[in-house]
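Accompanying notes for the structure given below.
The values are calculated or read from the model by the stated rules, or taken from the named source; none is laboratory data. Remember, it's a predicted structure, so these values are computed and weren't measured experimentally. So basically every Cβ, Gly included, is an ideal-geometry build from the backbone, and we count neighbours across all protein chains shown.
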Amino acid sequence: MKTKTIFFLCLLLGFGVAQLSAQKGRTTHETAVWTGYYMPIISNGVIIDYLTGTVTTYILTHYDKSGGEWVNYHSKGQATSTDLVDDNGVVLKTGTGEEFTVKENDFKQDGSLFMEFHFNLIGNKGSHYLGIMSMNTQTFEMSVVKIIIN
């Protein structure tokens, strides 16, 4: 009888600890290399530069007890100012070839249609783009929230 009581007590304590940890939610960590990185630099509605490159992205996905989630993407890598070409092969913006160090943090809240990008792009020829952009995750339309161009 004593053994069963101790076993049952341990089982109940185990359930209690599991419930406490479930209330805190959980976070998953993933890493991915993205060779298709791109960032249009937009000022007053005009694309003034277009960067493409490769970044390593560290993805944090947090799940809360109610089933909601938020995702943070932390990206670091390199990008180059390249030509922006439309679907017909017409060059819309000529790239300069300048190499940039990419540091970007992206945020997506559960239930939101929008993802926000905070970026710091430092070029090897003196260009520096610092800003925040928003993207509609259904239409992929991007808009500038704030940008500083040096």
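Being modelled with pLDDT of 95 or more, exposed (fewer than 12 other Cβ atoms within 10 Å of the Cβ) and over 14 Å from the mean Cα position of the chain (by Cα) is the filter here, so list the residues in region 23-64 that pass it. Answer for region 23-64, where residues must be modelled with pLDDT of 95 or more, exposed (fewer than 12 other Cβ atoms within 10 Å of the Cβ) and over 14 Å from the mean Cα position of the chain (by Cα): just Thr35.
Is region 94-108 home to any residue that is over 18 Å from Tyr37 (Cα atoms) and of a type outside the set (Ser, Thr, Tyr)? No, region 94-108 contains no residue that is over 18 Å from Tyr37 (Cα atoms) and of a type outside the set (Ser, Thr, Tyr). Here Ser134 clears all of (1) more than 13 Å from Gly53 (Cα to Cα); (2) loosely packed, with under 13 Cβ neighbours inside 10 Å; (3) in contact with a Ser or Thr (Cβ under 7 Å, 6 or more places away or on another chain); (4) of a type in the set (Gly, Ala, Ser) except the condition numbered (2). Name the one entry in Asn105, Asn72, Asn124 that is touching a Phe, Trp or Tyr at 6+ places or on another chain (Cβ under 9 Å) and farther than 30 Å from Thr27 by Cβ. The match here is Asn124. Identify the single condition in (1) more than 17 Å from the chain's Cα centre (by Cα); (2) surrounded by fewer than 15 Cβ atoms within 10 Å (Cβ to Cβ); (3) not aromatic (Phe, Trp, Tyr) that Leu84 does not satisfy, given that it satisfies every other one. Every listed condition holds for Leu84 apart from (2). Taking the criterion of being of a type in the set (Lys, Arg) and within 14 Å of the chain's Cα centre (by Cα), the residues of region 88-119 that qualify are Lys103, Lys108.
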